[in-house]
Amino acid sequence: MSLIGINEVGIFSTQRDVYPLIDPAPFYKEKTFAGKVVIITGGSQGIGGTTAAFYARSGAHLVLVGRSQAKLDQRKAEIEKEVPGAKIVLVSGDAADLQTAKKTVAEAVKAFGRVDILIANAAISMKIGQPIHVKDPLQWWNVQETNVRGVFNFFHATIPELLKTKGQVIVTTSAAAHIRIPTLSDYTLSKHTVDRLVELTALEYPDLKFYVVHPGNIDTEGNRSVGLTNSNTKWDTLELPAATYLWLTARKAEFLNGRYVQATWDLNEVIAVKDEIVEKNLLVTKLAGPTKA
């Protein structure tokens, strides 16, 4: 399948695993996030679960959100075994429900007194293959509910607390926000929308930092279920996005506030063109038009 837009995201060298710039070891050693409170939606497994462990090892207190209490309990036990003494609060619920977001923030403040970082990671997708007129319209809309409304809900609930700590937000997005993939309109539209939502929210709250990050092509249950993979698929590691999230929220590249980033990009190269990115307002959603004659 020839996909429109691949050239738009393949603009830096590719990394598929943790590399020296984003090595989390110094953050672990220095406990960079000691006392910081991190909310992670979709935090029971996959990208969210690995990211949770990285923050715990760096000293952070965690509030993990997921729809399965059993999976949340399992992830908490795994992290506590890896990081003895880790402080973890669990909230079972659907990100698409505003009450889940409100409850999460209330539990975070009750347990730890603050919120410093939101990782909005929860997302779903329909399987590729059916055009719009064949897709179940309720399932199609449910993807928007989870992927867009779920992010909005957590913005709405956490921003008042984040303003108190001059906090940060990372939203897990996808290269699909820019690549036009036929029969995957539900997911691609939701991620494109979230990218713009972050751009707008960053403008509204200049005291906060917002990033949308494509985590890479990760071997998760969700990725396999979409149907875009095969036996030749090159997978990126779970540790790559987790280390990228950690590095960004250690305030290593705040010029990327309100912008789209891929964990698979070599961030050394991104930093090298910082001035161009800022001056030309790049890595944001724009209309591509002809040059005026």
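Throughout, read-outs are computed from the coordinates displayed, never taken from laboratory work. Everything numeric here is computed off the predicted structure, so don't read it as measured data. So basically every Cβ, Gly included, is an ideal-geometry build from the backbone, and we count neighbours across all protein chains shown.
Computed log10 I(q)/I(0) for the stretch 1-155 at 0.11 Å⁻¹: -0.53, from the Debye equation with unit scatterers placed on every C-alpha and solvent omitted. The Rg/Rh ratio of the stretch 141-293, with Rg taken over Cα atoms and Rh as the Kirkwood radius over Cα pairs, comes to 0.97.
All Cα-Cα distances of the chain, cut into 10 Å bins from zero to the largest, leave 6, 29, 38, 21, 5, 1, 0 percent in each bin in turn. May I ask you to derive the relative contact order of the stretch 1-100, considering only C-alpha pairs under 8 Å and at least 6 residues apart, and to give it as an integer percent? After rounding, I find 23 percent.
Given the DSSP H assignment, sum -39500 (n - 2.57) over each helix run of at least 4 residues in the chain and divide by its residue total; what's the result at 222 nm in deg cm²/dmol, nearest 500?
Counting only the DSSP helices, I get -12500 deg cm²/dmol.
Please arrange Phe210, Phe12 by how many other C-beta atoms lie within 10 Å of their C-beta, fewest to most.
Neighbour counts put them in this order, fewest first: Phe12, Phe210.
Mean separation of Cα pairs under 8 Å and 6 or more residues apart, divided by the residue count, gives the chain a relative contact order of 21 percent.
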